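Below is one structure, written out as C-alpha cells, with a few remarks after it.
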Amino acid sequence: MATREELADTLAGFAMFADLGSPQLLSVAGLFEETVFPEGERILRQGLTGSGYYVILEGTADVRIDGTTRGTLHRGDFFGEVSILLDEPPTADIVATTTLRCIVMGPAGVKPFLLAHPTVMFRMLQAQARRLRNANRWRS
Amino acid sequence: MDAVERPFPPGTYPVVVVGSGPGGLQLSYALRHEGIEHAVISADEGAGGMFRKWPFFQRLLSWTKPYAPAERTSREYQRYDWNSLLADESDLCGLQADLLDGTSYFPSRPAMQANLESFADRARIAVRYGTRWERTRREDGPDGTRFVVETSDGEYRCRVLALAVGVAQPSMPATPGIELAHHYADTRDASTYAGKRIFIIGKQNSGFELASGLAQWASSITVCSPSPAKTSIQTKSLVGVRARYVQPFEDGFLGLGVRILDASITSLTQVGEAIRVDLRRTDNGEELCVEADEVIAATGFTCPLQDLPDLGVATFGAAKLPVVTPFWESSTVPGIFFAGTISQAAPGLRKHGVPANSGAVHGHRYNGRILARHLAESVFGIERDCPIVAPDTLVDLLLREASFAPELWHQKAYLARVITSERDGTLRDAGILPLAHALDGMTEDLVAMTVEMDGKGGIYPVAYIRRGGALSEHALPEEPLLDFQTAAHRDQLAQALDRLLAVAPAG
C-alpha cells in the first residue's frame, strides 16, 4: 500500500468522500500525503501550534486531554481540522494506540480543499454536528 | 591485496551498513567517529549512490554557494552548502565548492559524484563494492537476535543492520497499457526524442525535469496527473515543483508547446506508430484523448527493501518507506535502522504542513550523525559527553544556534538543540536531537531550540520548554535579517526560560 489508485479506493469507502466520483477521488488522493506512526507515538500535541488535518486509513488513536483518554478514533475518522479552522493549537493529544496509517494535509491546503469540494465540507460539518450532539448528550 | 581493495569479507560485525551513497558514507564516517566497528557493503562499483546515474539531465536541485558569509570549513557554512558531507577534519569539510564548474551553484551530477567520491577517498571510508545484498534473516545469537545478511559474496552477521539503499527502485502505475510507457529511469539521450510528441505521467520534480530538458527536442509535451501541480514558490517550502523547473508552467500558460493536464489516465493503446492516451479530467469528468510518440512515467521510486517486509518490517505509502521511530529504527523489527534518503520515513512534527528535508542530502546528513550517536548510546553502551552549560550563557547559546546552526536551518521543526536541566539545576548540552524525541521520548526538564516556518513565508525560532512534566511552546518573533540575537529576542527568551532556570545555581 498504497498507490494513488489504492488510496482513492480506500477514500471511496469513507463517509466524508462518499459524494466524489472516481477521477475526483484520484485528484483528492494526490492532495494528501500518506504517513504512518508507530504505536505510542503522538501525532497531535495538546497546546502546540502548527498541526495538520489527518484522516485515518488504518489503526486506532486515542484522544487524550491532560493525559486522560477521552475517546478513540478509528479508520475513516479525521482529526486536526478544528485547530486549523480556528487557527488555534489542538486541545488534545492524539496518540497512536496501534500502528496508525493516515493521510495528512498541511493547514494551508485545508481551506482551498474544502472550498473546492463542498460535498466534503458538508460531510465534515455533519460529522462535527454529531460530535457536538454527543458532547451535549454527555453533559446533560 | 584483496583485503585492501575489497575490505570487509563476509563474517560477523557489530553493524553492517548497506549502501555507498551519501547516506551510507555519512553513517560510516559517523560510526567510526563514535568508535563503532562496522562493515559497509554496496552493490555499486564506487561511491555516490543514485548520483552515479541521476538526475537524468545532469544538474542537481540542491545548491552549494562557493562564496558565503561563513568560512568553508566552519559549521555555519553548511547552511550554504547542501551537498557536502559532514566531517570534523577541516580538510574534509565543504568539498563540493571546489568541484563546481563556475556555470551554476547547482552542481552538475558528475560534480556531485566527484564530491562524494572525494569524501569517501579522503575520509578513507572503506566499502566492499560489488557486493549485492540479496536476502535477510534473523537468528538467535549468544547476545540476542542478530541479522544474517546474505550477499553475492557470502553471509554477514550483525547485531545492527543499517540500510542506506536510497529510494531508487522505479515505480510504475497499474494503468492498462502501461507497458507501452517507459520509466524516467530509462529515459534515453535527449536527442533521440527529437521531433516527438512526449506524454509525461506525473507532476513531481522528475516530470518537470523531463519537460524542461526535453523542451528543445520534443515537438510537443503533455504533463499529466490527476492532481494539480504545486510549485515550491506557492507552498513557500521545498514541497512542490522546484523553481528550477517552472519554465514548462510558463510555456503552458502561454499555450506554447507544453500542456499541463489534471486528469486520470484510463489506458494506453498502441495505434499504428503512435500511443493513444485516454484520459478523464478530474475537474469535470470529461473524457480526453491525447496521441503521443513516447510516454514516460515520471511516477517516482520505491524503497528497495528486498525481503525485509517478509521479516516483518512494516512499510507505507507509494514509496514503500519503512515505518520507523524518531531515531529511524524499524518500529516492527528492532535492530534494523535506516539512513540516507530513507530517513524521510520518520516524519517529525510537520509543523504548519512543512515536511523535513530528510529526503535530501542537506537534511539526512545530520540524521546520519545523530543515528550513529544514538547507536553508540543505546546499543553499544558508549556514554555521551553532555557538557555543562552555565545558566548565564544559555540565552545567548540558544539564540546563536537559532541564528546559525545548520542542523536547525536545514531540518526545521525536525531537529533541535536540546539543553537538559537536572534536579539540582545543572544545565547540560544534549546536542542536536530529533525534536519528536525531545518532546515525546525524554522526560527530564529541558529546552529544545528549533527554527520553524509557518508555511506563509515566516521563519522564526521556537523554544520548547518542559518543566515538571508540563510542556510549553514559545515562538519568538520573525526578524527580517534572520539574525535572532537581538535585545527583544533575548528578553523574550529569558522570560520564557525563567521557570526552567529558577532552580539553577546562580552564576
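The values are calculated or read from the model by the stated rules, or taken from the named source; none is laboratory data. In this text, all values refer to a predicted model and were calculated from it rather than measured experimentally. A quick note on method: Cβ atoms are made from the backbone with ideal geometry, for glycine too, and the neighbour counts reach across all protein chains shown.
Quick notes on this one:
- Set side by side, the residues B:Pro142, B:Pro228, B:Pro248, B:Pro170 differ, and just one is surrounded by fewer than 18 Cβ atoms within 10 Å (Cβ to Cβ) and closer than 29 Å to B:Asn284 by Cα, which is B:Pro228.
- Qualifying residue in region B:217-226 (condition: within 14 Å of chain A (Cβ to nearest Cβ) and in a loop (DSSP other than H, G, I, E, B)): yes
- Among the residues making up region B:453-487, those that are away from every other protein chain (no Cβ under 14 Å) and either basic (Lys, Arg) or closer than 30 Å to B:Leu238 by Cα (or both) are B:Pro477, B:Glu478, B:Glu479, B:Pro480, B:Leu481, B:Leu482, B:Asp483, B:Phe484, B:Gln485, B:Thr486.
- Subset of region B:144-165 (residues that are within 21 Å of B:Arg373 (Cα to Cα) and not in a strand (DSSP E or B)): B:Ala164, B:Val165
- Scanning region B:319-357 for residues that are of a type in the set (D, E, K, R) and under 22 Å from A:Glu58 (Cβ atoms), we see that the one that is nearest to the other protein chains (Cβ to nearest Cβ) is B:Arg350.
- Checked against the criterion of being more than 30 Å from B:Ala360 (Cβ to Cβ), outside the structural domain of B:Ala413 (by TED's automatic domain parsing) and without any contact (Cβ under 8 Å) to a residue 12 or more places away in the chain, region B:266-277 contains one or more residues that satisfy it.
- Any hit, region B:383-391, residues being of a type in the set (D, E, K, R) and closer than 13 Å to B:Val451 by Cα: no
- Here region A:1-18 is the region considered, the condition is being more than 17 Å from the chain's Cα centre (by Cα) and in contact (Cβ under 8 Å) with a residue 40 or more places away in the chain, and the residue that is surrounded by the most Cβ atoms within 10 Å (Cβ to Cβ) is A:Ala2.
- Across region A:89-120, the number of residues qualifying as over 27 Å from B:Thr315 (Cα atoms) and among the small types (Gly, Ala, Ser) comes to 3.
- Filter result (more than 7 Å from chain B (Cβ to nearest Cβ) and surrounded by 18 or more Cβ atoms within 10 Å (Cβ to Cβ)) within region A:47-66: A:Ser51, A:Tyr53, A:Tyr54, A:Val55, A:Ile56, A:Leu57, A:Gly59, A:Ala61, A:Val63
- Filtering region B:1-49 to residues that are in contact with a strand residue (DSSP E or B) (Cβ under 9 Å, 6 or more places away or on another chain) and in a helix (DSSP H, G or I) leaves B:Gly23, B:Gly24, B:Leu25, B:Leu27, B:Ser28, B:Leu31, B:Arg32.
- Search result, residues across region B:63-98 that are among the aromatic types (Phe, Trp, Tyr) and surrounded by fewer than 16 Cβ atoms within 10 Å (Cβ to Cβ): B:Tyr67
- In region B:465-484, the residues that are β-branched (Val, Ile, Thr) reach residues that are buried (at least 17 other Cβ atoms within 10 Å of the Cβ) and outside any strand (DSSP E or B) with C-beta atoms within less than 9 angstrom, at least six apart or across chains, in these pairs: B:Ile465/B:Ala496; B:Ile465/B:Leu497; B:Ile465/B:Leu500.
- Listed conditions (1) facing another protein chain (nearest Cβ under 9 Å); (2) touching a residue at least 12 places away in the same chain (Cβ under 8 Å); (3) out of contact with any Cys (no Cβ under 9 Å at 6 or more places or on another chain) are all met by A:Gly76, apart from (1).
- Of all residues in region B:215-225, those being surrounded by fewer than 22 Cβ atoms within 10 Å (Cβ to Cβ) and touching a strand residue (DSSP E or B) at 6+ places or on another chain (Cβ under 9 Å) number 4.
- Some residue of region B:31-45 being within 18 Å of B:Ala360 (Cβ to Cβ) and modelled with pLDDT of 95 or more: no
- Selected residue (criterion: farthest from B:Arg159 (Cα to Cα)) from residues of region B:300-318 that are in contact with a strand residue (DSSP E or B) (Cβ under 6 Å, 6 or more places away or on another chain) and facing another protein chain (nearest Cβ under 9 Å): B:Gly317
- When each of B:Phe199, B:Phe208 is tested for being touching a residue at least 24 places away in the same chain (Cβ under 8 Å) and part of a strand (DSSP E or B), the lone residue that passes is B:Phe199.
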